1. Where Lys and Arg each count +1 and Asp and Glu each count -1, what net charge lies around ALA76 among other residues with Cβ under 15 Å from its Cβ?
2. Rounded to the nearest 0.05, what FRET efficiency is calculated for THR564 and GLU367 with R0 set to 30 Å and r the Cβ-Cβ distance?
3. Multiply the residue separation of ILE346 and TRP591 by 0.36 nm, subtract the distance between their alpha-carbon atoms, and state the gained length in nm to one decimal.
4. Residues with beta-carbon under 9 Å from that of ASP593, excluding ASP593: net charge, scoring Lys, Arg +1 and Asp, Glu -1?
5. Note down the accessible area of TRP143, probe 1.4 Å, to the nearest 10 Å².
6. Once both labels are modelled 7 Å past Cα along the beta-carbon direction, what's the LYS467-VAL617 spacing in nm?
7. Taking amide H positions as placed 1.01 Å from N in the peptide plane, with prolines and chain starts having none, which residues 5 or more places from PHE191, or on another chain, fall under 5 Å of its amide H?
8. For segment 454-462, in order, what is each residue's ³J(HN,Hα) by Karplus, 6.51 cos²θ - 1.76 cosθ + 1.60 with θ = phi - 60°, in whole Hz (x at glycine and Pro)?
Amino acid sequence: MRLRTYLILSYVALIVILFGGAWFIDARVMGDLTKNSIRIADQAVTSVTAAHVQHSDDILTRIGQYVVKDKAEDVAREMAYVLKGKKLDDYAKLRRDPVLRAVAIQDIYTPDGPAGYTDLYDRRGYILFHPDKNVEGRNQLDWEKEYPETTELIKRSLTENRVQGFFTFFDKDKKERKRFSVRVHVPGTPFIVAAIVNLDQYFTPSQQRMKESCQIATVQAKQQIEAHYAALNREVMIGGLFAGLALCLVGGLSGFYFAAAISRPISRLRDGVRQVGEGDFAVAVPVRGVREVADLAVSFNDLGKQLTEYIEKRDFIRDTFGRYVTQEVVTKLLESEGALDMGGDIREVSLIMSDLRGFTAIIAEMEPEQVITFLNRYLSKMIAILLDNRAVIDEILGDGILAFFGAPEPREDHPARAVACALSMQAAMDEINAENEAEGLPRLAMGIGVNTGSVVVGNIGSERRTKYSVVGSDVNFVSRLEAFALAGQVLISAATYSRVRDLVEVANVLTVEMKGMPGRATLYDVRSMGAPYNIRLPDKSEQLAELPEAIGVRIHRLKNKIITDVSGRAWVTHLCDTAARVTSESALEAWEDLRLAFLDDNQEPTPGHIYGKVTRVKPLTDGRFEVLINFTSVPAGILRTFGRHTGTA
């Protein structure tokens, strides 16, 4: 049976049942229903009326409180005005002033007559003006035992600018009554205005009239409800027959319409599901039919959009992160709703920056294809180590790598992971150089810097091109830190060292000045790391050998890998494969980069250049300087001549 036929038959059957039920209700139930309805309506009217009376009481009380407070504030302002220029300490003279007395003592009226008054006292409690002149000049605080509630309000008013509250008292007939009082300081004077009303004269009469009106309205409403239900009962009995017949007629016609309104959208949804199954996620069905079916159509259309967005998001994340982070991180980003949002947040991370020493000079005479093979061998090994240690590779600029730990997946151990990763990268250089030497390619030397700090991490760029990256001063710091690392060194910042001090072994501690950074920075030369990482770099330190005869050398200073000038005459006096001690006529600066060329007997440069970094400068007594230079790049041809110079060949 088709859905449309089933719905039509169900609708007709429902109408027949309703028609029979209408007669049953008219005959058996309507009488009881009418009685119960009257009882329920009566209870409802009574409840609503009671709530209305309570609400009106609250409103009237609040309005009354506001009026009393407003009266006190008006009197305070008037008193401040009329007291200007008067001696405020001569109370007797002030009391004789009829204007002051008229302002200070005023009646508070209701439609039924006066219900309260205002008076004036000073901040010590002494009454200056009062409707009862017999109490003027007396201190109200003396009546604390008789009127404790009133005295409490007076005490508060001495220190607070405005107080209000209710209190009880006994009148001259020993009858307990309740009052409401507002007390306000007169600006610029030591006086306080008190506005006091008797509740039974101020609020209660109006509230009582309101309650009486509500009771009359309740009785009238009950009579109207009873009359209405009597008329309704007659109309239901007469109209029941006609309504049943009309219902059958209209129901039969509308059954066809509603059955079609439900079945047609469902058929469209069926066709849409088939198209989605075939891969057309952009399909949309019309939002028509009853609310539930229309909601289903909206959900179906949203599903298509969500599938499209998910695929775009998946492709973006895989393109952005897939090559540079672990599969676990990619999966987590795919599950995150905000993975595609532009912007980021502040996160503490540990950063690694590495760079090959003298790489530009090494590849200067190599073929492009050879350079790519040479560089890819190095990068493949480094990237594998970074990903194994759960790093995110931010950037690869030629032979330089910037990576970070601790985002997007937070990790408490990111400083230790970063240092362990840096040591693993440095240790892997022996394997890379062994492969290079086997193919006749030059050896590579790398320096690494590690820093820990707070950066902004997130999606940076535009909708057309986005990059998951880090930004901040600590990124600049690790860049400058890496520049101080010699070939084979791993230098870490003080911030990183404070987090891994119990795990690492440090060979040297350096104190340096960095361009653009305030103060001096402390750097740590890490050589090994304990459990659970257990990494140790091989000791490659060599002893400088004194040369039988000093060798002339020409020194060029470098800045950002560009030659800036030539220093004066210099001679190599001690030499090994990784460093040289030079006597120079010109002063050199510690940590500056140099290019060196040995001179022949005619004082002409020999082929090839050595690149190095000044690590120590010592003035000599004859005005020259002893300079220690650590090599960052030595061509293989020049390296083979070192033995001849030192006499060890």
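The values are calculated or read from the model by the stated rules, or taken from the named source; none is laboratory data. A quick note: this is a predicted structure, and the numbers were derived from the prediction, not measured. Cβ: placed from backbone, ideal geometry, glycine included. Neighbour counts: every protein chain shown. To get the accessible areas, we keep the full protein, side chains included, count just its heavy atoms, and leave off ligands, DNA and RNA. Shrake-Rupley method; radii C 1.70, N 1.55, O 1.52, S 1.80 Å.
1. Working: positive: LYS69, LYS71, ARG77, LYS84, ARG123, ARG162, ARG183; negative: ASP70, GLU73, ASP74, GLU78, ASP119, ASP122, GLU160.
So the surrounding residues net to 0.
2. Details: r = 30 Å, r/R0 = 1.00.
It comes out at approximately 0.50.
3. On the way: separation 245, 0.36 × 245 = 88.20 nm, distance 3.25 nm.
Result: 84.9 nm gained on full extension.
4. Numbers: positive: ARG557, LYS559, LYS561, ARG595, LYS613; negative: GLU592.
Combined, the nearby Lys, Arg, Asp and Glu give +4.
5. Per-residue accessible area (TRP143): approximately 60 Å².
6. Those two pseudo-labels are separated by 3.5 nm.
7. VAL186
8. With coefficients 6.51, -1.76 and 1.60, one gets 8, 9, 8, 10, x, 7, 10, x, 9 Hz.
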